[in-house]
Amino acid sequence: MKVKFSLLQFFLLLSVSGWYSCAEKDCCVPPPANQDYAKGVFIVNEGPFGGTGTISWHDPNTGEVRDSIFEKANNGASLGQFVQSLTFYNDKGYIVVNGTNKVVVVDASTFEYIDTIGNLQLPRYFLPISPDVAYVSQWGADGLTGSVAKVNLNTFNIEKTIPTGKGPEKMVLANNKVYVANSGGYGMDSTITIIQTSDDLAQTTPVSAGKNPASLLWYEKGADSKLFYLCKGYFLDALPESRLKYFSNSGFGAATPAYSDDLVFDPNTELSYFFGNSGVYKMAQSGPDFSFIYLFGQNIYALALDSDAGLFYCADAKDFASNGEIFVRRLDGSHVYQFRTGVAPGDIVIVK
């Protein structure tokens, strides 16, 4: 469950789950035995209400697309409701399943099941800290009591939980600190939590502008380093306070379109992009000030950038009940091709 605010969050809050079909279609041909998924574009499909999420795989060199790769590698076993995100680390894939409170561990090349990290509470994102430790952001059983779970990667057990603000979302690791964007969960928050990885001590700090920060970007070049944060705004406000700015300075930053999210960075051009209000935007910076430039319109639920190829991958979740689509576009917004995915594509991972 991505919850950016989208139709998906609206229906969750109203607890209207009967509107959607639980049927899922395989849109692609079944893979041969021992398929190698070491490279490619992975699409995390949240799945329909009452059903199960899936992972799709795409080879941009051949155009091939395969859906439900976990199920096909594991004799039809399902991942569970609301598959949230996917992270690869040390030859393993970590699939965060929000609706069933777990992280499923798989072999990164074959997607065969290895183990499960359980006893989580609405988990969101997985961040490796070292070969032995990872952090998992989680919203808590009520969607408001946020924390980060510290996981032992040798035993796959939770060692401790670290309190955060409401709705901890994406995290970045920099200089032995983990920065956690507290997106508000089912409510509102305007903080970022900083965790010292050496002792797991945490400090939650208010942001100077905006509500519900959900996306973070660490920039470092020589002696210059800074953290950008992107606030999506609070969905109950008449005018959501969506903002893009530095974490460390004062001021209001740049007002962005409502429900902005998925801040991505191109190291080749040192330009950043994000989406909001059915469009993709390019960030421009002049000293401490920001502005943004509209690039193209697109119904979009997730954004990823292949900086080597100069391509955006834009996920369209459609009606959250039928198959979604990925639209591939150049950096100028021109359309390259598109392909079908599972239900509600909400995260895109590119592995070279």
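Coordinate-derived values only; no laboratory data. All of these numbers come straight from a predicted model, not from anything done at the bench. Virtual Cβ from ideal backbone geometry, glycine too; neighbours counted across all protein chains shown.
Listed values, structure above:
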{"quantity": "5 angstrom amide H check on ILE162, placed H, neighbours 5+ away", "calculated": "VAL148, ALA149, LYS150"}
{"quantity": "Segment 212-320 - charge dipole about Cα centre, Lys and Arg +1 at Cβ, Asp and Glu -1, debye rounded to 20", "calculated": "240 debye"}
{"quantity": "Per-residue HN-Hα couplings for segment 219-230 [Karplus 6.51, -1.76, 1.60; θ = phi - 60°; Hz; x = Gly/Pro]", "calculated": "10, 9, 8, x, 7, 8, 9, 7, 10, 9, 10, 10"}
{"quantity": "Net dipole in debye of the chain [+1 Lys, Arg Cβ; -1 Asp, Glu Cβ; about Cα centre; nearest 20]", "calculated": "540 debye"}
{"quantity": "Per-residue [θ]222 nm for the chain (sum of -39500 (n - 2.57) over DSSP H runs n ≥ 4, rounded to 500)", "calculated": "-1000 deg cm²/dmol"}
{"quantity": "Label-point separation in nm, PHE156 to ILE114, each point 7 Å along Cα→Cβ", "calculated": "0.9 nm"}
{"quantity": "Footprinting exposure proxy for ILE55, ILE114, ILE162 (fewest neighbouring C-beta atoms within 10 Å first)", "calculated": "ILE114, ILE162, ILE55"}
{"quantity": "5 angstrom amide H check on ASP189, placed H, neighbours 5+ away", "calculated": "GLY184, ASN212"}
{"quantity": "Cα-based Lys pair tally, segment 167-248, threshold under 19 Å, eight or more apart or on separate chains", "calculated": "11"}
{"quantity": "Packing-based exposure ordering (other Cβ within 10 Å, fewest first) of THR164, THR155, THR62", "calculated": "THR62, THR155, THR164"}
{"quantity": "Structure-derived semi-axes √(5λ) of the Cα gyration tensor in Å: which label, when the choices are (1) 28, 24, 21; (2) 42, 29, 13; (3) 33, 23, 20", "calculated": "(1)"}
{"quantity": "Dipole-positive endmost among VAL106, PRO206, ASN152 within segment 100-255 (Cβ charges, Cα centre)", "calculated": "PRO206"}
{"quantity": "Distance between modelled label sites at SER291 and LYS177, nm, 7 Å Cα→Cβ extension", "calculated": "3.1 nm"}
{"quantity": "Derived scalar couplings ³J(HN,Hα) [segment 262-273; Karplus, 6.51 cos²θ - 1.76 cosθ + 1.60; whole Hz; x for Gly, Pro]", "calculated": "6, 6, 10, 10, 9, x, 6, 10, 6, 10, 10, 9"}
{"quantity": "³J(HN,Hα), Karplus 6.51/-1.76/1.60, whole Hz, each residue of segment 53-59, x for Gly, Pro", "calculated": "x, 9, 10, 9, 10, 9, 9"}
